[in-house]
């Protein structure tokens, strides 16, 4: 979803007469704060903005104070007021406090609308479902797309694959060393130390970091948890690795795609296909010079497939679309999309030569997908594919 679509959706909800708690959930530096400020400016409401993004956690009293300041504005303006709390997950006991304050306002008739911003969707979702069920709506804010980076910065496909989709880092792309330092220090380290380790119990923080590095190095590849254990020192067990991979996914960094199967138990127990959610994480962690990616066919193929996978996952957020992979013996399909009765098999090729697709043929015979797509090579150009959201390829127009 483009930022303009998210902005329009959020602004329309702010202008509704009813009270609401609206959550903008997504990783760091994808534009959540900018979107909120744009909506504040266009809403016409009296507004109070506060951020809990501090080195130490904000306490309950701080959150109550911000809410009281917004209440004063709401009670003195005929149209009420808007409260925006940025990085709300860093305020101590925020779910219980927000529930209490919100229910008090409901009882008193205080016309206060609330927007909560967070950079740890997995963490905030737990708090929302446990304490605020029925009181909130969520708008996912994914990483920027190729279309957005091209429109904002004039990037071509090669630059997008090499430098990913962090708008704050885009001006540094012409200085790769400086760009790499920015990604590693301002994004990766900040996310690991402040969005995961500071807020979640992690018994083996060094293992979490090494798992992130492993996922970046093996993005686009299927790796059994037992093989991961062999790559990592003091790795604990497969349950620990699966949990840490889930935390990294919740912070918008990397994920492990599950194998497509009609049997949900088998699907959950499958070996994950490691996948970065922004190719900048893959290239910045590698230590390679940008030019070396382009001259290494295998590396360029993994980078291209990772960009396609990240695009599918990011644009599928909030749509109910499942993104998986498929493999039987030595036959594989890079990505499988499913929503309802619609089933799409996708194979990615970075080279231009014509190739047979035995994996697609085997999947077709076993599962009868509604569409089979070749991306790159002699199929849909990669740049064209990256400009359409995942839902497009499940629609009749995209088949």
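Looking at region 229-240, can you tell me whether even one residue there is in the same structural domain as residue 317 (by TED's automatic domain parsing) and surrounded by 22 or more Cβ atoms within 10 Å (Cβ to Cβ)? Write out each step before concluding.
Applying the first criterion (in the same structural domain as residue 317 (by TED's automatic domain parsing)) to region 229-240 yields 229-240.
In the following step, the residues that additionally are surrounded by 22 or more Cβ atoms within 10 Å (Cβ to Cβ) were identified as none.
Taking every residue of region 229-240 in turn, none turns out to be in the same structural domain as residue 317 (by TED's automatic domain parsing) and surrounded by 22 or more Cβ atoms within 10 Å (Cβ to Cβ).
Can you tell me which residue among 88, 84 is surrounded by 21 or more Cβ atoms within 10 Å (Cβ to Cβ), within 30 Å of residue 188 (Cβ to Cβ), within 26 Å of the chain's Cα centre (by Cα) and at pLDDT 95 or above?
After applying the criteria, what remains is 84.
For region 1-15, indicate whether the set of residues that are out of contact with any strand residue (DSSP E or B) (no Cβ under 8 Å at 6 or more places or on another chain), surrounded by 18 or more Cβ atoms within 10 Å (Cβ to Cβ) and modelled with pLDDT under 90 is non-empty.
yes
Sort through 239, 254 and tell me the only one that's under 27 Å from residue 89 (Cα atoms) and within 20 Å of the chain's Cα centre (by Cα).
Exactly one residue qualifies, and that residue is 254.
Within region 384-397, track down each residue that is closer than 22 Å to residue 317 by Cβ and surrounded by fewer than 18 Cβ atoms within 10 Å (Cβ to Cβ).
Correct list: 384, 387, 388, 391, 392, 395, 397.
Can you tell which of 171, 205 is touching a helix residue (DSSP H, G or I) at 6+ places or on another chain (Cβ under 6 Å), surrounded by fewer than 20 Cβ atoms within 10 Å (Cβ to Cβ) and either over 15 Å from residue 278 (Cα atoms) or touching a residue at least 60 places away in the same chain (Cβ under 8 Å) (or both)?
The match here is 205.
Counting only residues that are over 20 Å from the mean Cα position of the chain (by Cα) and part of a helix (DSSP H, G or I), which one in region 153-168 is surrounded by the fewest Cβ atoms within 10 Å (Cβ to Cβ)?
158
Contact list please: Cβ distance under 8 Å, first residue in region 55-66 and more than 20 Å from residue 195 (Cβ to Cβ), second residue at pLDDT 90 or above and surrounded by 15 or more Cβ atoms within 10 Å (Cβ to Cβ), pairs at least six apart or on different chains.
Every condition considered, the pairs that remain are 60/97; 64/97; 64/101; 66/48; 66/50; 66/83; 66/85.
The values are calculated or read from the model by the stated rules, or taken from the named source; none is laboratory data. Just so we're clear, the structure is a prediction, and the values are computed from it rather than from any experiment. Methodologically, a virtual Cβ is constructed for each residue, glycine included, from the backbone with ideal geometry; neighbour enumeration extends over all protein chains shown.
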